[in-house]
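Input: a single structure, listed below in structure tokens.
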Amino acid sequence: MMTAQTTLVLGANAVIADVRCSIAFSSASPLRFGQQLGLLWLPLDANRQAVCSPAYLHEPKDWATIDDANNPSKWQLDLPKLFEQQGVHFLQLIAYTYDEPSLNLPAVELSDVCLNLNHGALRYDFTARVRHVKAAIILEIYKRNGQFKCRALGEASTQGLVSLEQRVQVSLDVRPPNTHARIQAAQQQQQQAYPHNEMRPPRQVQAGETWTGTAFAIDPYHLLTCYHVIESAQIIGIRQQGQPDREAQVVLSDIGSDSAIIRVSDPLPSHIPLAQQCSDILGETITTLGFPLSGLSSQLQVTQGCISGLTGLNDDIRYLQFTAPIQPGSSGSPLLLPTGEVVGMVTASLVHEHAQNMNYAVKFQLLSALIASVGISLESKADSSIAMPLTTPQLSKQSRSALWLVGCQG
């Protein structure tokens, strides 16, 4: 006996009888899912803002899986599993076109999408009513009076996923699927050099091998640098022009944040303060000071950029992303705000032909927590909100005596 089919019209609601449901998509246009067309499932709270990251064609979830790896247009949803998560009130389905001008892809637009729920028990045909549509919210699933229901929608955008980001308060991945493959390959190539992987084996060094990095003083006896700078070192020394060389000892090393605190026995000439409270720093101008490529020059180098992201690779909240140019040896350099406060510590850069300025720094909040964990009490700086911004030369002059070249020997 065949199940009667209910065809939804725009704005209509219907009960979803099978809550572990199958959904199949098709399009009358020549565009294909996973090639020119994308789909994502976005969980939302009661205010229709994002609760967690979406499920994509290239990144399914345990509650939203692709039924057939060779056919990305067929999905399985486990609605009870998703809605049991705290804060989930709605699940929206968004269809969109892949559009990445930097990859010189041909321009495409979303014209129609047909979806069938539970083997045709429910059907909805979405048709774009305007030209040049790049994304559309076509379905919303919710729970009411113990039943899961769906509502046919048709909210279209000619600007693509970017136009939805501010409304749902989450960053949406607009990249075409072949971009993901290239980025993943680049990440694999960077695996050993990239210090954020807590499961990687200890660095193997030969006896007498030397390498360098950067450190900055946070009080008269302690400096911050990166874990991967001092990792496997038998001897750690710091050097600054006009100052005697000093040997340093490790106070704390934390591979999880790629951070280390080192200590010297004689007082340091100066130190720089960590930021206390920062809000709305996305886009803020920053200055870095460090000793990159010290084999070519042992002089302090200064570069400028801005904070381009508030999370690190794979949305890691321990880090922020910035654009100031860095080189090997920059690890451990401070990111200075115009007030002279440290907002982060340089830790890594992802180098790839399609990924420019993907530089990362440990956030000042995590650095402060690590410092407090070993009982170091830092001086509080006067309210930075009323401090006059410094020029780059002023920042360099004020901070340079707190910067040290770190030399390590295995």
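Using a ≥ b ≥ c from the Cα gyration tensor of segment 1-78 (square roots of the eigenvalues), is it rounded, prolate or oblate, where a/c under 1.5 gives rounded and otherwise the larger of a/b and b/c decides, a/b for prolate? It is rounded, given that a/c, with a ≥ b ≥ c, falls under 1.5.
Take every Cα pair under 8 Å whose residues are at least 6 apart in sequence, average their separation, divide by the length of segment 13-135, and the relative contact order is 31 percent.
Within a straight-line Cα-Cα reach of under 13 Å, LYS149 can be paired with the following aspartates and glutamates, leaving aside sequence neighbours fewer than 8 residues apart in one chain: ASP18, GLU140.
Of LYS61/LYS143; LYS81/LYS143; LYS81/LYS134; LYS81/LYS363, which sit over 22 Å apart, Cα to Cα? Spell out each step's value before the answer.
Working: LYS61/LYS143 20 Å; LYS81/LYS143 13 Å; LYS81/LYS134 30 Å; LYS81/LYS363 34 Å.
Cα-Cα > 22 Å for LYS81/LYS134; LYS81/LYS363; rest within.
Quick check: from the Cα gyration tensor, does segment 213-275 come out rounded (a/c under 1.5), prolate or oblate? Oblate, because a/c is 1.5 or more while a/b does not exceed b/c.
Every read-out reported here was derived from the displayed coordinates using simple, explicitly stated rules and does not represent laboratory data. Note that this is a predicted model, so its numbers are computed, not measured.
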